[in-house]
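Heads up: the structure comes next, in structure tokens.
What follows is calculated from the coordinates using simple rules that are stated; it is not laboratory data. Treat the numbers as computed from the prediction; the structure is a model and nothing was measured. Here the Cβ positions follow ideal geometry from the backbone for every residue, glycine too, while neighbour counts run over all protein chains shown.
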């Protein structure tokens with residue numbers, strides 16, 4: 001039998017045609033016997049022309065519709081439709097052949113019985129062959145999995161797994177009682193409370209969640225239930241993300257942090273998204289960064305006239321420019337993309353860019369945002385985050401840019417580190433500029449951590465888990481707000497369109513997440529156990545290494561309680577203290593001079609005077625200062 005399996009595909013197709021040429025006439029004879037409840041030589045002679053015509057007519061039709069092209073062990077339910085169509089066409093052609101020969105005494109019931117019998121034979125023979133060949137080709141080392149979800153997506157995934165040696169689907173799990181106990185393709189459907197039993201009896205190693213239409217909240221509920229089993233859990237993407245709406249093995253992915261948050265994205269207001277972008281000239285600073293690059297993708301969907309990218313990193317600029325260029329034909333075929341390698345400090349270059357391309361809207365995402373690095377390099381952090389923003393804002397005013405949106409952070413609220421203080425100072429600069437002129441509408445959008453950004457704990461934890469641990473955690477009580485990058489970018493675009501001048505918008509980030517809980521869940525959903533006193537046999541250890549310079553246990557989004565809603569349920573407007581431009585301008589001049597002289601003590605004093613909520617948790621951490629002041 002193995003020799004037959006190893007034959008060239010053409011020879012196997014010829015054998016299939018030969019087998020059909022033998023059994024289809026037998027099926028026709030069986031139909032005659034069923035109709036007349038007996039058979040004799042005279043009766044067979046009467047139908048002889050039709051019996052001989054069965055393979056002559058049917059096999060070419062089967063060839064034409066592609067029945068023999070299908071790889072037997074990959075046949076799925078779609079092939080059943082092909083079988084029905086093929087048999088129906090062949091029976092119709094056979095009946096027409098009998099009519100053309102003007103055969104008399106031919107019973108129409110014979111054709112009807114043969115039609116059903118031929119479908120049964122052709123379909124069953126292929127499915128039996130698939131079952132046999134699947135057993136031969138099954139990889140003995142394949143991973144035994146259960147599919148959670150016995151609906152259409154789960155069935156599609158099971159069919160895809162049949163054609164893949166990596167996985168062996170041994171069970172379905174579904175909370176629909178009408179499906180429980182039934183069998184799909186020979187695989188039984190079980191209730192969720194049977195998971196532990198299935199793990200022990202069927203040796204399941206992974207569970208694949210195939211319910212792409214459910215909400216994030218429902219998905220989180222299921223993941224919460226499955227976490228206790230310490231199995232590797234994988235999920236399929238939402239139905240919108242699937243190619244042609246069909247599941248493939250390559251669509252399966254590991255559980256991401258956004259799956260654990262259980263946060264469903266609110267449908268965006270399309271008018272707000274397009275208000276500052278459609279057929280306008282848009283500039284994005286920091287275009288190659290995590291937020292900046294996603295802003296560019298979202299902006300392109302709104303069909304701007306011209307998208308200008310400003311980025312200091314050559315590689316980051318090249319990467320996003322290449323990606324956007326590939327997206328242009330389908331998203332905004334008439335849009336121009338111009339990549340500029342440069343800094344927001346370069347006033348002369350900014351002036352040329354703004355005037356040459358008549359920029360209408362600026363999204364300012366360029367910033368140093370890594371808390372410990374900025375704490376150790378405060379002068380550069382101030383120059384980029386504060387004076388870079390000041391220069392970009394002034395260039396926008398001079399060029400009469402209509403809208404200017406600053407990407408801010410929750411670390412600007414009661415900051416304990418230099419990075420947070422510089423972002424709050426950037427907010428104050430834009431608020432003051434909004435009050436001293438009316439040509440450019442300035443606003444800022446403040447939000448917490450975004451998933452997948454550079455410096456995020458999620459990719460760090462995933463890397464540490466893959467390396468076998470340990471996971472390093474700064475403090476067991478530390479909490480953070482989280483949001484996906486696409487959602488944050490989408491909300492930034494909508495908030496920017498609401499700006500009237502000096503607005504501080506705050507995004508609703510949901511509930512804060514304990515980082516240690518996040519680490520534990522990531523370990524469990526990889527099918528591993530956290531090593532602890534209770535579980536000394538665990539594989540991944542979580543180590544507490546202490547807070548880094550300037551790091552807070554928790555972040556806030558509001559300085560005061562004076563906050564009002566907007567037309568969007570996830571965007572709030574905060575009313576917060578401002579500084580008059582003359583006062584701010586004088587202090588900024590002093591700060592600039594202190595930075596030029598590397599006067600670290602004066603730099604800290606001035607920042608504390610400007611940002612009165614700034615309460616540093618450590619001394620001056622600049623590397624040069626510490627080297628000079630060694631005791």
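Ordered by the number of other Cβ atoms lying within 10 Å of each residue's own Cβ, fewest first, 409, 34 fall into the sequence 34, 409. Taking neighbour counts of Cβ atoms within 10 Å as a proxy for exposure, in what order, fewest first, do 618, 276, 526 appear? Arranged by neighbour count, lowest to highest, 618, 276, 526 become 618, 526, 276.
By definition, a body whose alpha carbon gyration tensor gives a ≥ b ≥ c is prolate when a/c is 1.5 or more and a/b is larger than b/c, and the stretch 430-492 fits this prolate description. The alpha-carbon positions of the chain define a convex hull whose volume is 220 Å³ per residue. Rounded, prolate or oblate: which fits the stretch 257-319 when a ≥ b ≥ c are the square roots of the eigenvalues of the alpha-carbon gyration tensor, with rounded for a/c under 1.5 and prolate only if a/b beats b/c? Oblate is the answer for the stretch 257-319, as a/c is 1.5 or above yet b/c matches or exceeds a/b. Taking every alpha-carbon pair under 8 Å whose residues sit at least 6 apart, the stretch 391-434 reaches a relative contact order of 30 percent. Where a ≥ b ≥ c are the square roots of the eigenvalues of the C-alpha gyration tensor, would you call the stretch 562-618 rounded, which needs a/c under 1.5, or, failing that, prolate if a/b is larger than b/c, or oblate? Verdict is prolate for the stretch 562-618.
Here the contact order of the stretch 491-591, divided by its residue count and restricted to Cα pairs under 8 Å and six or more residues apart, works out to 31 percent.
Of the peptides 142-154, 332-344, 537-549, the ranking by mean beta-carbon count within 10 Å, highest at the top, reads 142-154, 332-344, 537-549.
Mean sequence separation of contacting Cα pairs (under 8 Å, at least six apart), scaled by the length of the chain, corresponds to a relative contact order of 10 percent. Calculated mean residue ellipticity, 222 nm, the chain: -15000 deg cm²/dmol, from DSSP H runs (n ≥ 4) at -39500 (n - 2.57) each, averaged per residue and rounded to 500.
Going by Cα centres, the stretch 144-222 and the stretch 412-476 are how many Å apart? Distance between centres, Cα-based: 40 Å.
According to the Cα-based calculation, Rg over Rh for the stretch 282-390 is 0.99, with Rh computed by the Kirkwood formula.
Residue exposure proxy: 270, 321, ordered by other Cβ atoms within 10 angstrom of their Cβ from fewest to most, comes out as 270, 321. Once the Cβ-Cβ distance between residue 529 and residue 125 is put in as r, and R0 is 60 Å, what FRET efficiency do you end up with, to the nearest 0.05? The value I calculate is 0.80. Restricting attention to the chain, close to 20% of DSSP beta bridges with both partner residues there are antiparallel. When you count the other C-beta atoms within 10 angstrom of each residue and take the mean per peptide, 494-502, 363-371 line up highest first as 363-371, 494-502.
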